[in-house]
1. It is to be established whether one or more residues within the range 16-24 are under 19 Å from I133 (Cβ atoms), open to solvent by 60 Å² or more (accessible area, probe 1.4 Å) and in contact (Cβ under 8 Å) with a residue 12 or more places away in the chain.
2. If I go through the range 215-229 residue by residue, how many of them are in a loop (DSSP other than H, G, I, E, B), free of Cβ contacts under 8 Å to residues at least 24 places away in the same chain and open to solvent by 100 Å² or more (accessible area, probe 1.4 Å)?
3. Which pairs turn up if I take residues in the range 94-116 that are among the polar types (S, T, N, Q) and look for partners that are open to solvent by 50 Å² or more (accessible area, probe 1.4 Å) with beta carbon separation below 9 Å, at least 6 apart in sequence or on another chain?
4. Residues of the range 19-51 being assigned to a helix (DSSP H, G or I), touching a Phe, Trp or Tyr at 6+ places or on another chain (Cβ under 7 Å) and not charged (D, E, K, R), which ones?
5. Taking the criterion of being open to solvent by less than 60 Å² (accessible area, probe 1.4 Å) and closer than 30 Å to V150 by Cα, would at least one residue in the range 63-83 satisfy it?
6. For the range 89-103, name all the residues that are within 17 Å of Q77 (Cβ to Cβ) and either surrounded by fewer than 19 Cβ atoms within 10 Å (Cβ to Cβ) or over 19 Å from the mean Cα position of the chain (by Cα) (or both).
7. Every residue in the range 113-125 that is open to solvent by 10 Å² or more (accessible area, probe 1.4 Å) and in contact with a Gly (Cβ under 8 Å, 6 or more places away or on another chain), please.
Amino acid sequence: VALELGGNAPFIIFNSADVDKAVDGLMASKFRNTGQTCVTANRILIQDGIYDQIMETILPKIKAMKIGNGLEAGVTQGPLINERQQERVKRIVEESIEAGANLVLGGKVLNNGFEPTILTDVKEDMACWAEEIFGPVMSVIKFSSEAEAVRMANDCDRGLAAFFYSKDSSQIHRVSAALEAGMVGANHVAISVPEAPFGGYKTSGIGKEGSKHGLAEYSNIKLIVQNHN
């Protein structure tokens with residue numbers, strides 16, 4: 001049996017990261033399919049030394065996004081899966097704002113979609129951080145140290161995917177090993193390919209899809225011992 005049961009992926013940007021590459025990666029990971037993928041970046045952690053740069057760079061990109069029919073020119077964000085999910089995303093955003101989160105952008109249902117949204121001053125016990133959103137909502141926490149970021153990233157009952165950006169090679173090795181996720185993207189967000197195992201830790205599922213490891217989940221291994229004497 002192999003089960004993929006969703007995630008709540010952290011996306012960490014360290015001070016040494018390339019700002020433009022990190023922002024491009026975050027845009028791709030957070031807003032692909034309007035935030036409705038199992039490996040979508042949900043919990044955004046930005047180190048204090050690069051925080052302002054990242055926010056100033058990404059804000060105009062998100063403001064420029066257009067919601068509508070995906071077959072129309074210029075549209076970058078499509079619908080949410082159904083009205084129930086619209087209401088769920090709306091509830092998560094509203095509960096988080098009531099708990100003290102700062103609404104920087106968006107926050108409202110729009111036609112059959114939801115406005116691309118940024119929440120800052122987020123706390124770990126807020127709905128936007130604790131729940132897998134499955135929508136175009138970017139929940140942001142500022143952090144100071146690597147240890148703090150890793151602790152927050154791992155403080156979750158799921159562990160499907162995790163992403164981070166850094167140009168420090170030692171940090172890349174440390175954080176890759178420390179993150180409790182079945183798939184880790186270091187300076188890269190396109191982590192799913194047929195030849196690689198796809199699956200997570202904790203309650204994100206059991207087993208793997210893809211690669212030889214995925215085939216093994218549907219195979220019965222048999223040991224045959226023969227004596228020809």
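The values are calculated or read from the model by the stated rules, or taken from the named source; none is laboratory data. Fair warning: this is a prediction, and the values are worked out from it, not measured in the lab. Cβ coordinates were reconstructed from backbone atoms using ideal geometry, including for glycine residues, and neighbour counts include every protein chain displayed. The accessibility values were calculated without ligands, DNA or RNA, using every heavy atom of the protein model including side chains. Shrake-Rupley method; radii C 1.70, N 1.55, O 1.52, S 1.80 Å.
1. First pass over the range 16-24, keeping only residues under 19 Å from I133 (Cβ atoms): none.
No: the range 16-24 contains no residue that is under 19 Å from I133 (Cβ atoms), open to solvent by 60 Å² or more (accessible area, probe 1.4 Å) and in contact (Cβ under 8 Å) with a residue 12 or more places away in the chain.
2. From the range 215-229, those in a loop (DSSP other than H, G, I, E, B) are 217-229; that's our starting set.
In the following step, the residues that additionally are free of Cβ contacts under 8 Å to residues at least 24 places away in the same chain were identified as 219-229.
Within this subset, residues satisfying the condition of being open to solvent by 100 Å² or more (accessible area, probe 1.4 Å) are 220-229.
Within the range 215-229, residues that are in a loop (DSSP other than H, G, I, E, B), free of Cβ contacts under 8 Å to residues at least 24 places away in the same chain and open to solvent by 100 Å² or more (accessible area, probe 1.4 Å) number 10.
3. Taking only residues 6 or more apart or on different chains, the pairs are S96/L103; S96/K123; N102/D121; N111/P79; N112/P79; N112/N82; N112/E83.
4. Hits for the range 19-51 are A22, G25, L26, S29, G35.
5. No; the residues of the range 63-83 include none that is open to solvent by less than 60 Å² (accessible area, probe 1.4 Å) and closer than 30 Å to V150 by Cα.
6. Residues of the range 89-103 that are within 17 Å of Q77 (Cβ to Cβ), as a first pass: 89-90, 93.
The answer is K90, and nothing else.
7. Scanning the range 113-125 gives E115, P116, D121, K123.
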